[in-house]
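Enquirer: Take a look at the following structure, please.
The values are calculated or read from the model by the stated rules, or taken from the named source; none is laboratory data. None of the values given here were measured: they were computed from a predicted structure. Glycine also receives a Cβ, built like all others from the backbone with ideal geometry; neighbour counts cover every protein chain displayed.
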Amino acid sequence: MTLGNLGRNILDALTGTISGAGDVAESAIDAARRSTVGAFEGTKDTVTGFQDLVGDVMKGAIQATNEVGTELGSTAKGAVIGVIRGAGEVSVVTVGVCSDTVRAAIKGTSEVGGDVGTVARSAVEGTMETTKSIGLRAEDMAFSVTHGAIQGARDVGADLGSTARDTIKGTVLGTQEVGGSAVQAIEEGTRGLIQSTAAVGGDVASVTRNTVEGAIEATGGIAVRVQDAAFSAARGAIHGSREVGGDLGATARDTMSGTIIGTQQVGGNLLAAIEDSTRGLIKGTAEVGGDVASVARNAVEAAIESAGSVSVRAEDAASAAANGAVSAAGAFGQNTVNSVTNVVSGTISGVRVVVRSPFRSDPQN
């Protein structure tokens, strides 16, 4: 790994101060901040060429960690916080600068053979935690930093699906840490991950499934209900898919798969998560002008297909998805209710679907 002056400075600083896991993050924050400030001290100009600078700082921090044998995630998180704080002392920090910082952390990790997923999660979490100090909203940052994570993973040939899962977890935890809205961050982060994956030519289906799964799994450590995370992730997935010209029906299937897997992992209320995930899918589809009937049908079929891998009856999973679809359709008029009800009622793929009568256009049914 070739280091410039900044990289060598932070390498020397960290190698001499890291003495144990408890000291890693604070040492990295201080060294990275001083290195970043030093690079621009006296200029006070808009940060230009920032990606090269931050890349050198991140490389030095990661190499130091590698040499002293400490945990890479803590150092990466600390270095990201330090870089952003340092940049904020000499210039206005934009979401683009934060995105570049995450991207550089991932690239530096790959060069020393570190775990890209761990660093992606830690770097994104650290970035989200800087939002208050630099005057940015965590919810706005969530969309941007996901681009940096996906671009960094693509740069080094890492798996985009697993990177997306780790990235959304870091987004949720970092947002919670600064008192932001985790559910809004989930929606914006999911939208950003799908957009950025399409931009780099990655597997959008895999990223969608992994993102939804990761968003729900992240609720295990914060005060957010699983079903609320499922709703926000689903809505963000539809918006992101429409923005890149994706197939909304396929997005619904991938979202439902991720919802069921993620909810099973954290032991959440599976039927509630399925219902709220479908509500998010229908709401998002109606908002972007998509085919709500197609999305509803795909969501129910996907719930049936995935039910076999978890401890829930296919009939219950299908009915939960159907009721979520019809419930959400009610906010968009009777025609939408009728359209959705018609495609999710009766028997689907050999499974009987029960729609609660208050949602039906004909109360007799």
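Enquirer: Which of the residues belonging to region 219-255 are assigned to a loop (DSSP other than H, G, I, E, B) and surrounded by 19 or more Cβ atoms within 10 Å (Cβ to Cβ)?
Expert: Val224, Gly246
Enquirer: Further question on the same structure: Which members of region 283-326 meet the condition of being crowded, with 24+ Cβ neighbours inside 10 Å and modelled with pLDDT under 95?
Expert: none
Enquirer: Can you find, within region 120-145, the residue that is nearest to Asp166 (Cα to Cα) among those that are charged (D, E, K, R) and assigned to a helix (DSSP H, G or I)?
Expert: Applying the filter and picking the extreme gives Arg121.
Enquirer: Look at region 251-273 and say how many of its residues are among the aliphatic types (A, V, I, L, M) and within 19 Å of the chain's Cα centre (by Cα).
Expert: So the answer is 6.
Enquirer: Moving to a separate point now. In region 176-193, what count of residues is obtained for those that are closer than 18 Å to Ala164 by Cα and out of contact with any Ser or Thr (no Cβ under 6 Å at 6 or more places or on another chain)? Don't jump to the end; show me each part of the working.
Expert: Filtering region 176-193 for residues closer than 18 Å to Ala164 by Cα gives 182-193.
Now restrict to residues that are out of contact with any Ser or Thr (no Cβ under 6 Å at 6 or more places or on another chain): 184, 188, 191.
So the answer is 3.
Enquirer: Any residue in region 123-139 that is modelled with pLDDT of 85 or more sitting within a Cβ distance under 6 Å of a residue that is surrounded by fewer than 20 Cβ atoms within 10 Å (Cβ to Cβ) and charged (D, E, K, R)? List the pairs, counting only those 6 or more apart or interchain.
Expert: From region 123-139, the pairs are Glu129/Glu177.
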